[in-house]
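Enquirer: This is the structure I want to talk about, given as structure tokens.
The values are calculated or read from the model by the stated rules, or taken from the named source; none is laboratory data. In this text the structure is predicted, and so the values were computed from the model without any measurement. Quick reminder, even Gly has a Cβ in these numbers, built from the backbone with ideal geometry, and neighbours come from all protein chains shown.
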Amino acid sequence: MSKASEHILKLREDFLKGTLSESDVNKNPFLQFEAWLSQAIEAEVPEVQACALGTVLDNKPSSRIVYLREYNNDQFWFYGNYDSRKGKSLEQNKNACLNFFWPALERQIRIEGTVERATKEMSDAYFNARPRESQLGAWASAQSSKLTSRTELENKLEEIRKKFEGKDVPRPDNWGGWMLTANYYEFWQGRKSRLHDRLAYEKKENDWEISRLAP
């Protein structure tokens, strides 16, 4: 067994920083999400906007870290290349999941729902607010496609930089946002002896039904 494997095997940590009860949470899961997000921001959790996006393509699950950029009334926006693996997955299967993990607070939030592309207006607004180098990178990278070398990517970036020299960089047609509309939330608070608190919200017509789940 390697030292790294042995180290992982021996890791033990108890969770003692909080509790989660039905009487304390907001009956509206979106407002509960906002409350926990605000607390994470106040606690200066690094990369607080980062979440794992889970998708399924041809019955094969895949996940990657994306940044939450906007949210409102059970809707959550993230951005990227429509031709990427996640883009192709979401085109074929609209069901997806976002998972936030804030270890400093011993908390997770899982949000499941269906995804559709953001409006062109929203995608344009976000793209135009990005740093210029990020805008150029969106043009240079055919995300998820194979490269022969790092040099190929860097040469493409220089080509794009010259193309738009002295000009505004427009949003590529194959780059934009997605909006996930939530139909399920799960809030996880770590507890002692792995007896964690898990509260799930399921959408039942126009109401949210709250259930406690075994850890």
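Residues checked against (1) free of Cβ contacts under 8 Å to residues at least 12 places away in the same chain; (2) assigned to a loop (DSSP other than H, G, I, E, B); (3) more than 24 Å from Ser123 (Cβ to Cβ):
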| position | (1), (2), (3) |
| --- | --- |
| Lys17 | no, yes, yes |
| Ser23 | yes, yes, yes |
| Phe30 | no, no, no |
| Ala35 | yes, no, yes |
| Ser38 | yes, no, yes |
| Ile41 | yes, no, yes |
| Val45 | no, yes, yes |
| Gly54 | no, no, no |
| Val66 | no, no, no |
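Enquirer: Between a first residue in region 83-101 that is in contact (Cβ under 8 Å) with a residue 40 or more places away in the chain and a second residue that is part of a helix (DSSP H, G or I) and surrounded by 18 or more Cβ atoms within 10 Å (Cβ to Cβ), which pairs have beta carbons less than 7 Å apart while being 6 or more apart in sequence or on different chains?
Expert: Ala96/Leu90
Enquirer: Going through region 75-114 one residue at a time, which ones are charged (D, E, K, R), in contact with a Ser or Thr (Cβ under 6 Å, 6 or more places away or on another chain) and either part of a strand (DSSP E or B) or within 25 Å of Ala125 (Cβ to Cβ) (or both)?
Expert: Selection gives Lys86, Lys94.
Enquirer: Do we find a residue being farther than 22 Å from Arg64 by Cβ, acidic (Asp, Glu) and either surrounded by 12 or more Cβ atoms within 10 Å (Cβ to Cβ) or more than 21 Å from the chain's Cα centre (by Cα) (or both) anywhere in region 124-132?
Expert: Checking region 124-132: at least one residue is farther than 22 Å from Arg64 by Cβ, acidic (Asp, Glu) and either surrounded by 12 or more Cβ atoms within 10 Å (Cβ to Cβ) or more than 21 Å from the chain's Cα centre (by Cα) (or both).
Enquirer: Same structure, new question: If you go through region 1-15 one residue at a time, how many are free of Cβ contacts under 8 Å to residues at least 12 places away in the same chain, of a type in the set (Asp, Glu) and assigned to a loop (DSSP other than H, G, I, E, B)?
Expert: The number of residues fulfilling the criteria is 1.
Enquirer: Output the number of the condition that Ser193 fails; it satisfies all remaining conditions of (1) among the hydroxyl-bearing types (Ser, Thr, Tyr); (2) touching a strand residue (DSSP E or B) at 6+ places or on another chain (Cβ under 8 Å); (3) under 30 Å from Trp36 (Cβ atoms).
Expert: Status for Ser193: all satisfied but (2).
So that you can scan it fast, the table gives a plain yes or no per residue for (1) of a type outside the set (D, E, K, R); (2) surrounded by fewer than 19 Cβ atoms within 10 Å (Cβ to Cβ); (3) modelled with pLDDT under 95:
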site: Thr19; (1), (2), (3): yes, yes, yes
site: Tyr79; (1), (2), (3): yes, no, no
site: Asn93; (1), (2), (3): yes, yes, no
site: Ile111; (1), (2), (3): yes, no, no
site: Arg117; (1), (2), (3): no, yes, no
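Enquirer: Output yes when any residue across region 207-214 is at pLDDT below 95 and not in a helix (DSSP H, G or I), and no when none is.
Expert: Yes, region 207-214 has at least one match.
Enquirer: Within region 143-155, does at least one residue satisfy the condition of being surrounded by 17 or more Cβ atoms within 10 Å (Cβ to Cβ) and hydroxyl-bearing (Ser, Thr, Tyr)?
Expert: Scanning region 143-155, I find no residue that is surrounded by 17 or more Cβ atoms within 10 Å (Cβ to Cβ) and hydroxyl-bearing (Ser, Thr, Tyr), so the answer is no.
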